[in-house]
Amino acid sequence: MHNSNIHYLCWNNGQGYLTGRIAFALCLMVMAMCAFCTPPCEAAKTWNGSTNDWSNDASWSGGAAPITGDDAIINSGTVLLTTESPELTSLTLGGGTLTLSNWTTRLRATEVTMNAGTITCGTAFTNNMMSNRVWIVCTNLTIAAGAKIDVDGKGWAGGNGAYGTTWGFGPGAGGTVSAGGYGGAGAASRALAVLGSSLPYSSASAPEEPGSGGGIHSQPSAYYGAPGGGAVRIEATGNVEVNGTITANGSAVVNAGCPGSGGSIYITCNTLTGSGTNRANGAYATSLGVAASSGGGRISVHYNSAAQAAIAVPDLVFFTAVDNQLSDRAAEIGTLYFTDNRFLARNPLTGMTGQWHSASPTMSFDQLTISNAWLRFVQDGVCFTVNNELLLTANARLEIGGNAIASNILWDYPMALPRPMSDMPSNPRLECGRLMLTNGGTLWVFAGKTNDAVLTGALVRVAQTVTIASNAWIRPVSHATNGGPVVIRTMGGLRIHAGGGINANGLGFAASHYQGFKGFGPGGGFGYIGGSGVGGGYGGLGGNAQGIYGQAYGSSNIPPFSCGSGGGAYYYGNSGAGGGLVHIDAPFVNVTMDGTISANGGDGPSTTGAGSGGGIYINCKGFTGAASGIISAKGGNSLSLIESGTGGGGRIAIFRRPEMDSFP
């Protein structure tokens, strides 16, 4: 019979152990000692809803600010963090505003969860003031719908008489009547703007800096410029999920000053997910006849390629846009950088605006629809390939090439804005099975330089048909100083519907923008002749009241392989550019022209010369069209009948080859 009060010391493999009630009692004693020695679980530190500094103990539950390892909660009120936070286990934002002040202030936590509310930074700053940004270091960051990181207008300050300058602040600051630039160049309202201001700076892949401020209006000086967008830096070792908003837009102004550029969003993470918005847009302002958009900012996302490829492409949107209320060349879009091209792998491709940068210059798709997006592909030697149909619709704007600018090579009247050119080891190419443009879709192609060995500045090669519907356009941009052309080659035919077409107006040799300087191109108009600029020449002479003309070049007996020449500038600058070259190579198929093909010269304002008409060369098997069809290569107009010269007419040649019945 077993006696429950008797206990045994037993051995097993050389080790002794107790059995029965003594063992049970000893276990209870050990558990009690452990409980006594382990500190109780600390409650999360919760902000009390006041407006105060993070370090104020009285503003946190428990009467003490969070320390390393704590969980912190902010549901309301305004919290100011002026120094680096302790390394928290978590920070949860359920409402209110957390403001980071000072450039070196880091918010550090393993988990940062924004269910509502805002994280922002201090105000805009000058060269002599403390700078600010939002800097988050974490494992995972979650931004729920309705929550946001907001640094709009928190970058470099705009020009202000109180600061003693007409210029904005920052590396891309706008001068007088010039908007700020960053990822894209800012525009100026007229040629009196300071050339060399508003230009891009920093890096597309690692954009640490904020956006730059706009300049003031020259009269009166009380028309201040606006600040650029701020800087957001997120360093995460895990996942960043954005269902809310990260915004770093430049600020607009309500008077005649100029706006600031978009700022920067720079994210490093393992993966990026969500369906929210990331934006660093430029802005727009107009009053008293002054109008200029600021350049877009920069967004960069570095992720683990293998980890990102293992998940579905998220429905995030990315914008470094500009406000184009004045024209389609109002300012330059900013930049988008990604580790690879994974975020392009969605069809339709929508919700993106920016100059695309990644490690690979080759983009290849089976079929692609682009809608409500504006993308420029600028990698060296870019080749954009779609095996089947490429459809541009719903105001989509696809741009191929255009990776380089120069401060003295500008678009023509009415905007003083650097004109993109392609400067690459090999010139850009777009190749697709079919090309369809409809519902406001636009294709811009920027040519590189040509020489005796390289005859094509850029190539659009379509294996089947090219269809351009009403309100849709192809814009071939010849090289501004070299004249290298864009060639459109189709093996299946070209159909241009009424209301759409190919528009190369003002897209030839660049205009002059300095007093007394000649326009670019063989027939470039002279400046400073008898008090007015001379119009550029091409098929005909450029005009001038003093009998000095822009010279004709080329021949009526051979196809025109050159674009038109720019006008000269006398005083006011910003003369008219030459018309571009429209080169359509369709020797085995028909061209049906119910719409418009134009290569007109740019107009010459005030004392400047207009650009000459450009060139149009169509090589086809058959050529047909309706009465609505228009082919035009007119010289630009003089906007001052006394002080500026008109541009000479361009050249048009249509070679029809009915004997070409089959491909060679």
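The values are calculated or read from the model by the stated rules, or taken from the named source; none is laboratory data. These figures come from a predicted structure and were not determined experimentally. For neighbour counting, all protein chains shown are included, and Cβ atoms are generated from backbone atoms with ideal geometry for every residue, glycine included. All accessible areas refer to the heavy atoms of the entire protein, side chains included, with ligands and DNA or RNA removed. Shrake-Rupley method; radii C 1.70, N 1.55, O 1.52, S 1.80 Å.
A few notes on this one:
- Test: residue in segment 593-603 that is surrounded by fewer than 24 Cβ atoms within 10 Å (Cβ to Cβ), of a type in the set (Asp, Glu) and within 30 Å of Ala469 (Cα to Cα): yes
- Every residue from segment 310-326 that is closer than 19 Å to Val242 by Cβ and in contact (Cβ under 8 Å) with a residue 12 or more places away in the chain: Ile311, Val313, Pro314, Asp315, Leu316, Val317, Phe318, Phe319, Thr320, Ala321
- Candidates in segment 443-457 are the residues that are in contact with a Leu (Cβ under 8 Å, 6 or more places away or on another chain) and free of Cβ contacts under 8 Å to residues at least 60 places away in the same chain; of these, the one that is surrounded by the most Cβ atoms within 10 Å (Cβ to Cβ) is Val445.
- In segment 247-278, the residue that is nearest to Gln308 (Cα to Cα) out of those that are open to solvent by 10 Å² or more (accessible area, probe 1.4 Å) and part of a strand (DSSP E or B) is Thr271.
- Residue selected from segment 101-136 under the condition outside any loop (DSSP other than H, G, I, E, B) and among the small types (Gly, Ala, Ser), by the criterion farthest from Gly229 (Cα to Cα): Ala109
- Matching residues in segment 347-368 - criterion: being surrounded by fewer than 19 Cβ atoms within 10 Å (Cβ to Cβ) and among the β-branched types (Val, Ile, Thr): Thr350, Thr362
- If only residues of segment 547-583 that are at pLDDT 85 or above, in contact with a Pro (Cβ under 8 Å, 6 or more places away or on another chain) and open to solvent by 10 Å² or more (accessible area, probe 1.4 Å) are counted, the one that is farthest from Ala633 (Cα to Cα) is Gln551.
- Residue count for segment 642-664 satisfying the condition of being under 39 Å from the mean Cα position of the chain (by Cα), modelled with pLDDT under 75 and either under 24 Å from Arg495 (Cβ atoms) or outside any strand (DSSP E or B) (or both): 1.
- Residues in segment 214-250 that are of a type in the set (S, T, N, Q) and at pLDDT 90 or above: Thr237, Asn239, Asn243, Thr245, Thr247, Asn249.
- Any chance Ser85 is part of a loop (DSSP other than H, G, I, E, B) and over 29 Å from Pro171 (Cβ atoms): yes
- Qualifying residue in segment 147-165 (condition: at pLDDT 95 or above, part of a loop (DSSP other than H, G, I, E, B) and over 23 Å from Ile216 (Cα atoms)): yes
- Residues that are among the polar types (S, T, N, Q) and under 30 Å from Asp452 (Cβ atoms) within segment 483-517 comprise Thr490, Asn503, Asn505, Ser512, listed in sequence order.
- Checked against (1) under 29 Å from Ala173 (Cα atoms); (2) over 21 Å from the mean Cα position of the chain (by Cα); (3) open to solvent by less than 10 Å² (accessible area, probe 1.4 Å), Asn408 passes all but condition (3).
- Residue match in segment 394-402 (condition: over 16 Å from the mean Cα position of the chain (by Cα) and farther than 30 Å from Gly601 by Cβ): yes
- When Leu336, Leu391, Leu344 are screened for being touching a helix residue (DSSP H, G or I) at 6+ places or on another chain (Cβ under 9 Å) and surrounded by 17 or more Cβ atoms within 10 Å (Cβ to Cβ), only Leu336 passes.
- Close Cβ contacts (under 7 Å, 6 or more residues apart or on different chains) running from residues in segment 507-521 that are open to solvent by 30 Å² or more (accessible area, probe 1.4 Å) to residues that are among the polar types (S, T, N, Q) comprise Lys518/Ser512; Phe520/Thr481; Phe520/Ser565.
- Of the criteria (1) over 21 Å from the mean Cα position of the chain (by Cα); (2) open to solvent by 10 Å² or more (accessible area, probe 1.4 Å), which one Ser478 fails: (2)
- All positions within segment 105-147 that are touching a strand residue (DSSP E or B) at 6+ places or on another chain (Cβ under 8 Å) and polar (S, T, N, Q): Thr105, Thr110, Thr113, Asn115, Thr118, Thr120, Thr126, Ser131, Asn132, Thr139, Asn140, Thr142
- Qualifying residue in segment 595-605 (condition: in a strand (DSSP E or B), within 19 Å of Gly554 (Cα to Cα) and either at pLDDT below 95 or not charged (D, E, K, R) (or both)): yes
- Subset of segment 72-105 that is open to solvent by 60 Å² or more (accessible area, probe 1.4 Å) and not polar (S, T, N, Q) - its residue that is farthest from Met129 (Cα to Cα): Glu87
- Flag if Phe623 is of a type outside the set (Lys, Arg) and outside any loop (DSSP other than H, G, I, E, B): yes
- Hey, Ile652 open to solvent by 50 Å² or more (accessible area, probe 1.4 Å), under 23 Å from Ser478 (Cα atoms) and β-branched (Val, Ile, Thr) or not: yes
- Positions within segment 53-71 being more than 15 Å from Thr120 (Cα to Cα), open to solvent by 30 Å² or more (accessible area, probe 1.4 Å) and under 42 Å from the mean Cα position of the chain (by Cα), in sequence order: Ser55, Asn56, Ile67, Thr68, Gly69, Asp71
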